[in-house]
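Everything below concerns the one structure shown next.
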Amino acid sequence: MSTRNLNVDLYKAALLAKAAECKNDLEGARKDISIETTAETMEHGVRAAEREVAVERMETAYRQLRQVESALSRISRGKYGICLKCEDDVGQKRLDALPWAIFCVQCQEHAERLREGARVLRRAA
């Protein structure tokens, strides 16, 4: 089945639910970042580590929310399910697993190889 003929309403509902989940995660992480003064050095270290984890959680939720919002935008423009690189179908199975996917499997694999190559070069520098 071509992704261009998908019933995007199902994907839109899943994306809206994921967006709400991301927003809840962002709000929860924001609350966990609050700074409190403590007399105990050990407790201060624990609180700093907890804040660091919350910041990472917040960054992950924000990235995810941006991907979901981008997918919702593609739905509204009639471009959902089309690979941003090669303009082929992303594939229904891929969208079922990852409704915010922007690349088909082949282009995603290529992007991951490029990312890995860049990591290797950064480590070598």
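Read-outs throughout are calculated quantities, based only on the coordinates presented, and are distinct from any laboratory measurement. What you are looking at is a predicted structure, and each value in this text was computed from that prediction instead of being measured. Cβ sites come from the backbone with ideal geometry, for glycine too, and all protein chains shown count toward neighbours.
Please state, rounded to one decimal and in Å, the Kirkwood hydrodynamic radius that the chain gives when every pair of distinct Cα atoms enters the mean of 1/r.
The answer is 17.0 Å.
Assuming 0.36 nm per residue, please report the length gained on full extension of the stretch Glu50 to Arg123 beyond their Cα-Cα distance.
Extra length from Glu50 to Arg123 when fully extended: 23.5 nm.
Fully extended, how many nm does the chain gain between Arg115 and Lys23 (0.36 nm per residue separation, minus their Cα-Cα distance)?
Roughly 30.3 nm would be gained on extension.
Counting Lys +1, Arg +1, Asp -1, Glu -1, what net charge surrounds Gln64 among other residues with beta carbon under 15 Å of its beta carbon?
Net charge in that neighbourhood comes out at -1.
If one takes the longest principal axis of the Cα atoms in the chain, at what angle in degrees, from 0 to 90 and to the nearest 10, does the Cα axis of helix 41-77 lie?
Between the helix axis and the principal axis of the chain, the angle is about 20 degrees.
What residues have an amide H closer than 5 Å to that of Ile82, excluding those fewer than 5 places away on the same chain, when H is modeled at 1.01 Å from N in the peptide plane?
Those lying under 5 Å, H to H, from Ile82 are Val90.
Name the residue, out of Glu69, Glu50, Glu40, whose mean-square fluctuation peaks in a Gaussian network model built on the chain with Cα pairs under 10 Å.
The residue that fluctuates most here is Glu40.
Tell me, what ³J(HN,Hα) does each residue in segment 79-92 have, in order and in whole Hz, if you take phi through Karplus 6.51 cos²θ - 1.76 cosθ + 1.60 with θ = phi - 60° and put x for Gly and Pro?
10, 5, x, 10, 4, 6, 8, 9, 6, 8, 5, 5, x, 4
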